[in-house]
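The values are calculated or read from the model by the stated rules, or taken from the named source; none is laboratory data. Keep in mind the model is a prediction, meaning the values are calculated, not measured. Please note: Cβ atoms are built from the backbone with ideal geometry, for glycine as well, and neighbour counts cover all protein chains shown.
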Ligand SMILES: *Cc1c(COP(=O)(O)O)cnc(C)c1O
C-alpha cells in the first residue's frame with residue numbers, strides 16, 4: 001500500500017465505462033430492440049465516422065485488431081500484390097499480434113530494431129532486401145511512426161505501407177502522409193485499428209477496423225470478412241467471418257466522439273509525470289511539439305527495472321511491461337522459418353529488460369504525484 005493507504009491499479013476499466021453507464025445502456029438497448037445484430041445501422045455509422053475522423057475514403061468494421069491486419073494482408077494476396085514467403089518488415093518491440101498477422105498469412109516477418117527515442121522502428125537501419133514487399137509501422141504507445149522521406153523511398157520500391165494503428169487512434173504525425181493529411185490510420189496504403197477494451201477507445205469486448213483509401217482493397221477486405229461474399233449466397237472468395245458485432249459498434253459510437261478529449265487528458269497526465277519524475281536514472285518518454293501523441297502508454301526506462309517494479313508493487317502501485325519479450329524471441333517463433341532477423345535487434349532486446357509502463361488511463365493527479373514520488377525515492 002502507498003503511505004496514504006491507497007492501491008493504485010494499472011488500469012481499472014470499470015471507471016471510464018461506469019461514467020458512461022447511461023448512454024452505453026441506452027445504445028445497447030436500442031440494438032436489442034432493433035432485432036438487427038449484424039451489419040446494421042450502428043456498424044455503418046461507426047465506419048462513416050472512423051473514415052471521416054482521419055480522412056480515409058473507406059472503413060470496414062471488423063472483429064479484432066489482429067483480424068484487421070490479417071484481412072489487409074490476405075486482401076493484398078488476393079489482389080496479387082503480396083505472395084506467400086514475401087518479406088514484411090515489423091518492429092521487434094510490438095504486441096505479438098503484429099507478427100501473428102504476418103506469419104498466419106504464410107508471409108515472412110522480418111524483425112526490425114527500434115529506436116531509442118520513441119521505441120518505434122529505427123528508420124536508419126531498416127532490413128530491406130529484394131524480397132521486402134511490405135512494412136508494418138506500429139504507432140507504439142500512441143507515438144506516430146512516420147518519416148515521409150523514408151516511406152517515399154519505400155514506396156518507390158513498390159513496398160506496401162500498412163500501419164498498425166492499434167494504439168494510436170487520434171494521433172497525427174509530424175508531416176503528412178501519402179493521402180494528404182497527417183492522421184495516423186491514413187498515412188500509408190492501409191491501416192488496422194483495435195478496439196480491445198484497454199485501448200484508448202475500447203469496446204466492451206473485441207472489435208477492430210480497417211482503414212484505406214484504396215477502393216479495391218476495401219472491397220476485398222469487406223468480402224473476406226463476410227464469407228467472401230458481396231451478394232447473399234454468392235461466394236467469390238474463400239472468406240472468413242470477421243465482422244464487428246452491431247452491439248460493439250453501438251457502444252463505440254458513444255465513445256468515438258471522445259477520442260480527442262481522451263488523448264488531451266492523457267497528454268496532460270504525461271506532462272505531469274514529466275514534471276514530477278526527477279530520478280536521474282530514469283529515462284522519461286519524449287514529448288514532441290511537432291506531432292500529436294495520444295499516450296496509449298507512458299513508458300519509462302530504468303537500468304534496474306525489475307527492482308523498481310518490485311519496489312513500486314510493495315507500495316501498492318501496479319505497473320506493466322510493454323513488452324517483456326521481443327517478438328522474435330517468443331517461444332512460438334523459436335527455430336521458425338517464418339521469422340527472420342538480419343542482425344540482432346539490439347535495442348529491442350535491451351529495452352525489453354528496461355522499460356516500464358506507468359498507470360496513465362484512469363489515474364488522478366494525486367495518484368500521479370504518489371507514483372512519481374515513489375520513483376524519485378527508489
Ligand atoms: C492491441 C494490439 C493489436 C491487436 O488488437 P486486438 O484487437 O487485440 O486483436 C495489434 N497490434 C498492436 C500494436 C496492439 O497493441
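Residues that are crowded, with 21+ Cβ neighbours inside 10 Å, under 22 Å from residue 285 (Cβ atoms) and within 16 Å of the ligand (Cβ to nearest atom) within segment 98-135 comprise 98, 112, 114, 119, 120, 121, listed in sequence order. Looking only at segment 58-84, which residues are surrounded by fewer than 22 Cβ atoms within 10 Å (Cβ to Cβ) and assigned to a helix (DSSP H, G or I)? Those that are surrounded by fewer than 22 Cβ atoms within 10 Å (Cβ to Cβ) and assigned to a helix (DSSP H, G or I): 77, 78.
Inside segment 342-378, can you point out the residues that are closer than 29 Å to residue 88 by Cβ and outside any helix (DSSP H, G or I)? Answer for segment 342-378, where residues must be closer than 29 Å to residue 88 by Cβ and outside any helix (DSSP H, G or I): 342, 343, 344, 345, 353, 354, 355, 357. Only residues that are within 27 Å of residue 366 (Cβ to Cβ) and either surrounded by 19 or more Cβ atoms within 10 Å (Cβ to Cβ) or at pLDDT below 95 (or both) were counted in segment 320-334, giving 0. In segment 285-301, the qualifying residues are those that are surrounded by fewer than 16 Cβ atoms within 10 Å (Cβ to Cβ) and either touching a strand residue (DSSP E or B) at 6+ places or on another chain (Cβ under 9 Å) or touching a residue at least 60 places away in the same chain (Cβ under 8 Å) (or both), and the one that is farthest from residue 120 (Cα to Cα) is 290.
Strands (runs of 3 or more DSSP E) fully within segment 190-257 that include at least 2 residues being modelled with pLDDT of 95 or more and on the phi < 0 side of the Ramachandran plot: 190-194, 208-212. Starting from segment 59-87, take each residue that is closer than 19 Å to residue 243 by Cα and list its partners that are more than 16 Å from the ligand (Cβ to nearest atom) and assigned to a loop (DSSP other than H, G, I, E, B), counting only C-beta distances under 6 angstrom and pairs at least six apart or across chains. Between residues of segment 59-87 that are closer than 19 Å to residue 243 by Cα and residues that are more than 16 Å from the ligand (Cβ to nearest atom) and assigned to a loop (DSSP other than H, G, I, E, B), the close pairs are 76/82.
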